1. Roughly how many debye, to the nearest 20, is the charge dipole of segment 123-193 about its Cα centre, given +1 on each Lys and Arg Cβ, -1 on each Asp and Glu Cβ, and no other charges?
2. Need the C-alpha centroid separation for segment 130-207 versus segment 20-37, integer Å.
3. Beyond a 19 Å Cα-Cα separation, which of these cross-linked pairs lie in this structure: 162/182; 113/135; 56/135; 87/182; 60/162; 87/113?
4. Report the accessible area of residue 63, computed with a 1.4 Å probe over the heavy atoms of all protein chains in place, in Å² rounded to the nearest 10.
5. Counting only protein heavy atoms and a 1.4 Å probe, tell me what percentage of segment 112-162's accessible area is made up of carbon and sulfur.
6. If you take the square roots of the eigenvalues of the alpha-carbon gyration tensor of segment 86-168 and sort them as a ≥ b ≥ c, do you get rounded (a/c under 1.5), prolate (a/b over b/c) or oblate?
7. In terms of the Cα gyration tensor, with a ≥ b ≥ c the square roots of its eigenvalues, is segment 132-179 rounded because a/c is under 1.5, prolate because a/b exceeds b/c, or oblate?
8. What shape does segment 13-142 take by its C-alpha gyration tensor, where a ≥ b ≥ c are the square roots of the eigenvalues and a/c under 1.5 counts as rounded, a/b above b/c as prolate, and the rest as oblate?
Amino acid sequence: MIFYDGFSRWYRTHTHCVVLTGDDTYGMFSRGRRMVEFAQAATESDDDTLYHFHTKVMLKEPHVGGRWEWHQDFGYWYEVGCLQPEKMLSVMVAIDEATVQNGCLDVLRGSHKLGRLHHGNTGEQVGAEPWALEKATGLLETVPCTMQAGDILMLHSNTLHKSNANTSDNWRRCMIVAFTTKDNQPKPNTIAPLYFPLECVPDSAIKEMGVVGRASGSVEDFLRHDDNVDSFKLDENNEQKA
């Protein structure tokens, strides 16, 4: 399993990204039968062609969890060689309640029909081009996607979305599982994974597995932030501590 820990020092959002799914808590979610069937229906694929692209856990701290600019997931995925936006999607699972106050996702209704927009640097992030965003936000309705814990939100890869800063007293945590298909693989030798068979498991496997670490197999509760938040503290130069 390949695992990446990312930290946005400016925007104070922790990102944990799993590229290859396995026999752990992350894997049980991304391989669960209901999750897989949703993705198959959306991409018109089956057990032999759908595969796991990556899983992310997004953690927005109270009061400081930051803003993410308007972007399309396909704006990034196209750059690694994926060419079919209709063969890619993201499934967001709310771990906490997502509210306007704690920075829920905002989407532009119907923006997937605009096609892929050019993406470039927007401050310290990569987002959709400003002139296109101005036209899109003028044409289409911005919808806050408030969610209860356990709700899911499915996003077409060309859907424009953003999130605001967490100004509440509560964490806003979610898991995002991305899928694509065997005939839409990225170019070789990029950070994006090539096709690997997805072994589906019953939904009950999540509960049966419990909370199991992503690589070592040790038990770890990734929701217990008080135990590990020090690893995300900034030093006097506003850099992540070693």
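The values are calculated or read from the model by the stated rules, or taken from the named source; none is laboratory data. This structure is a prediction, so every number in the text was calculated from the model and none was measured. Note that each Cβ is placed from the backbone with ideal geometry, even for glycine, and that neighbours are counted across all protein chains shown. Remember, those area values only see protein heavy atoms, side chains included, never the ligands or the DNA or RNA. Shrake-Rupley method; radii C 1.70, N 1.55, O 1.52, S 1.80 Å.
1. Computed charge dipole of segment 123-193: roughly 220 debye.
2. 15
3. On the way: 162/182 28 Å; 113/135 14 Å; 56/135 30 Å; 87/182 9 Å; 60/162 13 Å; 87/113 14 Å.
Pairs exceeding the cut-off: 162/182; 56/135.
4. 110
5. Numbers: 1590 of 2970 Å².
Here it works out to 54 percent.
6. On the way: a/c = 1.84, a/b = 1.41, b/c = 1.30.
Since a/c reaches 1.5 and a/b is larger than b/c, the shape of segment 86-168 is classed as prolate.
7. Values: a/c = 2.35, a/b = 1.40, b/c = 1.68.
Because a/c hits 1.5 or more and a/b fails to exceed b/c, segment 132-179 counts as oblate.
8. Details: a/c = 1.77, a/b = 1.24, b/c = 1.43.
Since a/c reaches 1.5 but b/c is at least a/b, the shape of segment 13-142 is classed as oblate.
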